[in-house]
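Novice: This structure is in structure tokens; I'll ask about it shortly.
The values are calculated or read from the model by the stated rules, or taken from the named source; none is laboratory data. Everything numeric here is computed off the predicted structure, so don't read it as measured data. Cβ sites come from the backbone with ideal geometry, for glycine too, and all protein chains shown count toward neighbours. Remember, those area values only see protein heavy atoms, side chains included, never the ligands or the DNA or RNA. Shrake-Rupley method; radii C 1.70, N 1.55, O 1.52, S 1.80 Å.
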Amino acid sequence: METKLIKTGKFIDGKEVLAIELTNTQGTYVKIYNYGAIINKFIVENKHGVKQDIVLGFDDIDPYTSEDYLSNYPYLGAVIGRYANRIKIGRFSIDGETYQLSQANGGDCLHGGDIGFDKKVWDVLSTIDPSVTLQYISPAGEENFPGTLTVQLTFKLTDDNELILDFKASTDAPTAVNLTHHSYFNLAPKGGSIVNHIHRMPASNYLEQDDNYVVTGKLLPVEGTIHDFLGDKAIGQDWNPEEGYDQTYVLDKPYGELTLASETSEAGSGLKLSVYTTEPVAHFYTAKYLNVKGGKGGQDYHPYGAFCVETQHQPNAINVPEFTGTVLRPGENYKQTTIYKIEHT
């Protein structure tokens, strides 16, 4: 097992972008950039004994900051903060004080605002084989969020082919926090559509959304709908092929308990990705808006060419009192664990 720290020679806002390579005894390899805490590569051995990269991204760091990529920005492999998903009209109140965030995507705030944690160069605190801890200190007023928020994210690769993501955060003033990671997965040996990937989620309910994908606070049962993934099912079996999936699923679990959020497998590779989390929901996204030129090996990425399982608190929970609280106060500690585990079927 080992961890390597590699200089890229690229500087953003005066801070150097580093690549961190994690390798376990099975030869599984994960490459992470401290820019956006991006998971750039996740290479595993499939059932044919062939090494295969299961995440979308670029061959090096430069395309992640190109104007072409950012103009149609899908958050490939990046951390999301301060607040994942959408906040209705970009507005919330804490203790009687109202805060207005930047508005996009139909007037709502998405994934933390114009320049979220996904576009920041994080500090590398430590590397312990095979793991790395990154830290970002978000100053009060950044993207108009109150309070200085200190976030640490530890990536650890185990010999059981688990990539563990441990989030911790603290603040000096009450603020809104909802963190997640936005890796795009494709388990097929040569990529392409994920329509035939087999997917399962232990979630009996999903969250109603308005016309701009903002959750309303209402829970809807999956039974009898296209959203029923309680049993194994091909992703494309029931979906509307012009929409795919972009929904938040309420996991059948107590909040804080580390249990299964989803299982996805693909016959050609014989790989299965299991996602475990302490979070109450998982947002399942099948990349309807994915449109990236010149990805790894020069390949282009198209809609429905990947899936995301974004574990988090309920989107827009800051405006829905019935949801799990997303207000963090001084003296409290935000904690979240999510695990990506790879096995053969």
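Novice: Those residues that are without any contact (Cβ under 8 Å) to a residue 60 or more places away in the chain and over 21 Å from Thr216 (Cβ atoms), I need them from the stretch 74-98; list them, please.
Specialist: Of everything in the stretch 74-98, those that are without any contact (Cβ under 8 Å) to a residue 60 or more places away in the chain and over 21 Å from Thr216 (Cβ atoms) turn out to be Gly96, Glu97.
Novice: Further, regarding this structure: Please go through the stretch 1-47 and pick out each residue that is outside any strand (DSSP E or B) and touching a strand residue (DSSP E or B) at 6+ places or on another chain (Cβ under 6 Å).
Specialist: Within the stretch 1-47, Asn24, Thr28, Asn34, Gly36, Ala37, Asn46, Lys47 qualify.
Novice: Taking into account only those residues within the stretch 311-334 that are under 11 Å from Pro280 (Cα atoms) and among the hydroxyl-bearing types (Ser, Thr, Tyr), which is modelled with the highest pLDDT?
Specialist: That would be Thr311.
Novice: To continue, here is another question. Being open to solvent by 30 Å² or more (accessible area, probe 1.4 Å), more than 16 Å from the chain's Cα centre (by Cα) and hydroxyl-bearing (Ser, Thr, Tyr) narrows it down to one residue among Tyr334, Tyr255, Tyr301, Tyr276; which is it?
Specialist: Tyr255
Novice: For the stretch 73-147, which fully contained strands (runs of 3 or more DSSP E) count at least 3 residues that are open to solvent by 40 Å² or more (accessible area, probe 1.4 Å) and either within 18 Å of Pro174 (Cα to Cα) or touching a Lys or Arg at 6+ places or on another chain (Cβ under 6 Å) (or both)?
Specialist: Strands (runs of 3 or more DSSP E) meeting the threshold: 97-100.
Novice: In addition: Could you list, ordered by first residue, the pairs with Cβ atoms under 6 Å in which the first is in the stretch 158-181 and of a type in the set (Gly, Ala, Ser) and the second is modelled with pLDDT of 95 or more and open to solvent by 10 Å² or more (accessible area, probe 1.4 Å), at least 6 apart or interchain?
Specialist: Note: pairs meeting the criteria are Ala169/Tyr334; Ser170/Thr150; Ser170/Asn333; Ala173/Pro146; Ala176/Ile318.
Novice: Yes or no: Thr154 in contact with an Asp or Glu (Cβ under 7 Å, 6 or more places away or on another chain), open to solvent by 10 Å² or more (accessible area, probe 1.4 Å), assigned to a strand (DSSP E or B) and at pLDDT 95 or above?
Specialist: Yes; evaluated as a whole, the condition is true for this residue.
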